[in-house]
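Just below is one structure, and these are the notes that go with it.
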Amino acid sequence: MRLKLHITGLVQGVGFRPFVSRLAEGQGLKGYVLNDTAGVLIEVEGDRQKIREFLSRLEKEKPSLSKIYSMQYAWLEDAGHGHFEIRKSDGTGDKATSILPDIALCSECLMDILNPKNRRFLYPFTNCTNCGPRFTIIKSLPYDRGNTSMADFTMCTACGREYNLPSDRRYHAQPNACPACGPSIALHDRTGNLICVGEEALEKTVNLIRKGNVVALKGLGGYHLLCDAASPDAVETLRSRKQRYEKPMAVMFPDISSVRDEADISSMEEQAITSVERPIVIVRKKASSSIAGTVSPDSNTLGLFLPYTPLHHLLLRKLKKPVVATSANLTDEPIVKDEKDAFARLKDIADYLLTHNRDIVRRCDDSVVRIIAERQVPLRRSRGFAPLPVIVPFRFAAPVLALGASMNSTIALGIENKVYLSQHIGDLDTLRATEYYEETVSDFLRLFDVRPVRVVADMHPGYFSTRFGERRFSGSLVTVQHHHAHLLSCMIENDMPENARVIGYAFDGMGYGTDRTLWGSEVMIASYREAQRRFHLRPFRLPGGDRAVQEPARTALSLLHETLGDRAVQSGISPFTRDEYAFYLKMIRDDINSPLTSGMGRLFDAAASLIGLRHRVSYQAQAAMELEQRAFLSDDRGSYPFILDGGVIDQRPMVEAIISDIGSGVTRETVARRFHNTIVRIIIDTARLLREETGIAHVALSGGVFQNALLLEGAVTGLREQGFTPLIHQLVPPNDGGVALGQAVYGAERV
Ligand code: ZN
Ligand code: ZN
Ligand code: FE
């Protein structure tokens with residue numbers, strides 16, 4: 001008998017073909033295995049019982065990194081195969097395959113580089129079939145060395161032997177390399193002069209970091225800027241050169257025990273930190289932490305991660321202390337990935353550059369996750385995850401391209417039963433960022449070899465992504481409302497069936513509404529096809545538009561005024577002088593550049609300003625994050641009044657109560673906590689009203705505001721107590737980085 005199998009999933013670049021080959025030969029079967037562009041194609045021929053055994057062991061014993069998404073097979077007549085072979089990859093046909101993300105160094109390779117007797121001792125580009133770079137080195141499919149940035153390096157005899165030996169861990173490891181034949185590192189000063197190479201460069205870099213220098217290090221998906229995390233001076237130098245004064249920076253630790261010394265981590269957090277994806281995990285730092293306070297100012301949390309390339313491991317082991325490891329870029333620009341760019345753009349930021357000669361084919365920033373409500377919630381889904389697809393419970397009749405939004409942007413491709421999500425592209429408000437965005441769209445369409453029949457963009461006419469869609473894909477472009485897309489992404493990753501309806505909460509900073517105003521506190525009844533807006537905050541004005549986003553005190557003034565009227569100026573709450581106050585008030589009254597919004601994120605900003613915590617921000621969501629941190633310090637159970645008036649959630653009674661609390665000396669922590677409790681109550685109360693009316697008990701929580709752990713946990717607990725089933729994000733971020741998934745699903749013609 002002959003069995004023909006077609007397996008799709010994570011079966012390329014994980015040692016699947018060698019595994020199949022060993023298994024088949026062990027059973028005395030003949031035939032072949034080949035990578036096709038959609039997965040793996042296998043034919044085995046021989047005794048029926050042996051084939052059955054092959055089939056059952058295939059699933060049970062498959063390589064640990066592989067994942068089978070689907071397996072179709074047919075029993076056929078003999079084809080007369082003479083032996084079992086690994087055939088050359090088939091590069092034609094449907095390219096909707098699973099390209100693997102970059103995989104952190106495995107424990108066996110770590111042992112190799114730490115063993116003085118191993119020929120890869122201290123070699124920074126060590127990898128094997130189970131680990132190493134993938135997404136960031138692939139130029140085109142199929143995944144073979146010739147199609148990667150390793151093509152320029154010819155394997156030496158020893159490496160070639162490993163590559164061709166089925167029993168070897170490096171059998172068909174495409175980036176296989178060693179000190180004799182592979183890439184190497186080099187240390188340069190900021191003007192580009194070569195200082196030294198190899199182990200000497202590593203030693204020297206360690207000393208330079210110890211002495212307080214800032215070193216740019218070429219990593220997997222781009223450059224990092226490194227400095228001693230325990231040195232306030234080094235951190236200050238990096239901040240002032242990068243002109244990034246307050247936004248928290250990530251810290252890379254040598255190992256998990258050094259993490260435990262500095263941070264209080266739960267078992268789920270430890271699991272996330274040590275996971276093969278090696279994301280940055282947001283955790284609580286210990287009061288005794290030796291990490292400089294300026295790494296994450298005004299915050300008791302820290303974003304930390306472990307080494308994931310051999311180079312990181314070697315560096316951190318020699319250093320024996322944590323380093324700041326932040327993306328090397330200028331504000332709002334994409335991460336630097338090649339030498340030309342590095343020497344041009346980092347010369348005023350880094351003192352030295354540790355580079356290497358393996359090209360980064362595409363950028364990939366570090367991923368960020370946070371454990372909330374006992375789930376791993378992605379805040380940025382990039383390295384380690386991209387471009388893995390989200391599997392959907394239907395098939396796309398034809399490919400759909402989703403263009404994302406504008407902040408934290410990502411794009412997505414819906415093909416077959418998968419939605420492939422791009423790496424983090426970032427905020428689209430610089431020329432370099434929009435160039436990177438366009439590059440990523442072209443890259444995805446070429447890599448996956450598809451022509452989208454439908455392209456989905458946000459409804460916002462001003463978003464770069466929307467205008468790009470109109471320019472490039474005018475005939476096939478459809479738009480979807482921002483908050484509906486948020487809810488769709490949450491519904492699909494929770495496997496909600498096609499005819500499902502949910503009560504959806506899409507809370508974010510702002511998104512374009514169907515009435516052409518800025519929304520952002522949407523309570524909706526949503527299905528895959530449509531969304532009805534049922535509740536939202538009472539709209540308020542933002543004096544100065546975007547300037548008010550930078551300056552929460554302006555939004556606070558607006559809310560103060562609409563709550564207290566002319567008494568507001570006497571309340572003494574606003575940090576503005578009387579003249580400034582009068583000026584902004586006139587802007588509001590005369591409707592000069594003062595758009596209306598109902599964004600929940602803006603209400604959090606305003607609350608942070610009202611309690612005197614933060615009147616001006618230097619990065620996105622700063623005020624809201626600080627408000628959350630304060631609220632965590634209180635366990636007050638009180639909340640403030642609000643009025644549900646038709647579809648409007650009138651926040652004015654809450655603003656009034658906050659002012660009264662502040663006036664009577666209630667602590668900031670308590671007010672911050674009561675504010676959070678109030679938003680949770682708004683969610684519960686409106687959900688109950690909508691359930692009474694519709695009978696719907698599934699509640700989707702999406703939008704950037706739900707990155708707030710106190711709010712999300714409060715909402716999940718409260719909803720469960722009331723018998724609801726809350727749906728939260730675990731595959732894509734609740735922020736705009738997840739919108740592309742919802743857009744792709746919206747654009748799908750389902751089969
Ligand atoms: Zn390995
Ligand atoms: Zn070699
Ligand atoms: Fe949003």
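The values are calculated or read from the model by the stated rules, or taken from the named source; none is laboratory data. What you see is a predicted model, and the numbers here were worked out from it, not measured in a lab. Don't worry about glycine lacking a Cβ; one is built from the backbone with ideal geometry, like all the others, and counts go over all protein chains shown. Ligands, DNA and RNA are excluded from the accessible area calculation, which covers all protein heavy atoms including side chains. Shrake-Rupley method; radii C 1.70, N 1.55, O 1.52, S 1.80 Å.
Scan the range 459-471 and give yes if some residue there is aromatic (Phe, Trp, Tyr), more than 21 Å from the chain's Cα centre (by Cα) and either within 30 Å of Ala687 (Cβ to Cβ) or assigned by TED's automatic domain parsing to the domain that holds Thr410 (or both), otherwise no. Yes: the range 459-471 contains one or more residues that are aromatic (Phe, Trp, Tyr), more than 21 Å from the chain's Cα centre (by Cα) and either within 30 Å of Ala687 (Cβ to Cβ) or assigned by TED's automatic domain parsing to the domain that holds Thr410 (or both). The residues listed here are His482, His536; of these, the one that is open to solvent by less than 20 Å² (accessible area, probe 1.4 Å) and within 16 Å of ligand 3 (Cβ to nearest atom) is His482.
Residue by residue through the range 166-178, note down the ones that are surrounded by fewer than 18 Cβ atoms within 10 Å (Cβ to Cβ) and either in contact with a Ser or Thr (Cβ under 8 Å, 6 or more places away or on another chain) or modelled with pLDDT of 95 or more (or both).
Matches in the range 166-178: Pro166 only.
Please tell me if Glu277 is more than 20 Å from Leu110 (Cβ to Cβ) and either in contact with a strand residue (DSSP E or B) (Cβ under 8 Å, 6 or more places away or on another chain) or assigned to a loop (DSSP other than H, G, I, E, B) (or both). Here the answer is no, as Glu277 does not meet what is asked. Taken as a whole, the structure places Gly723 among residues that are farther than 21 Å from Val281 by Cβ, more than 16 Å from ligand 3 (Cβ to nearest atom) and not polar (S, T, N, Q). Among the residues of the range 21-58, those that are assigned to a helix (DSSP H, G or I) and more than 21 Å from His172 (Cβ to Cβ) comprise Arg48, Gln49, Lys50, Ile51, Arg52, Glu53, Leu55, Ser56.
Based on this model, can you work out whether Ala230 counts as open to solvent by 10 Å² or more (accessible area, probe 1.4 Å), over 19 Å from Asn329 (Cα atoms), touching a residue at least 12 places away in the same chain (Cβ under 8 Å) and of a type in the set (A, V, I, L, M)? Judged against the criteria, Ala230 is a match. Restricting the range 409-418 to residues that are at pLDDT below 95 and assigned to a loop (DSSP other than H, G, I, E, B) leaves a set whose member that is nearest to the chain's Cα centre (by Cα) is Asn417.
Yes/no per residue for (1) open to solvent by 10 Å² or more (accessible area, probe 1.4 Å); (2) over 18 Å from Asp443 (Cα atoms); (3) part of a loop (DSSP other than H, G, I, E, B):
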residue: Asp332; (1), (2), (3): yes, yes, yes
residue: Lys337; (1), (2), (3): yes, no, yes
residue: Asp341; (1), (2), (3): yes, yes, no
residue: Asp348; (1), (2), (3): yes, yes, yes
residue: Leu353; (1), (2), (3): no, yes, no
residue: Val369; (1), (2), (3): no, yes, no
residue: Ala386; (1), (2), (3): no, no, yes
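Within the range 316-330, the set of residues being buried (at least 24 other Cβ atoms within 10 Å of the Cβ) and either assigned to a helix (DSSP H, G or I) or among the hydrophobic types (A, V, I, L, M, F, W, C) (or both) comprises Val323, Val324, Ala325, Ala328.
With respect to (1) open to solvent by less than 50 Å² (accessible area, probe 1.4 Å); (2) part of a loop (DSSP other than H, G, I, E, B), the lone exception for Asn593 is condition (1).
Checking each residue in the range 144-165 for being over 29 Å from the mean Cα position of the chain (by Cα), more than 11 Å from ligand 2 (Cβ to nearest atom) and either surrounded by 19 or more Cβ atoms within 10 Å (Cβ to Cβ) or under 18 Å from Asn357 (Cα atoms) (or both) picks out Gly146, Ala151, Asp152. Among the candidates Leu557, Leu564, the residue that is of a type in the set (A, V, I, L, M) and either buried (at least 24 other Cβ atoms within 10 Å of the Cβ) or part of a strand (DSSP E or B) (or both) is uniquely Leu557.
All of Ala186, Ala180 fail the test of being more than 16 Å from ligand 1 (Cβ to nearest atom), over 27 Å from Lys321 (Cα atoms) and among the hydrophobic types (A, V, I, L, M, F, W, C), apart from Ala180. Scanning the range 567-590 for residues that are small (Gly, Ala, Ser) and open to solvent by less than 50 Å² (accessible area, probe 1.4 Å) yields Ala568, Ser571, Ser574.
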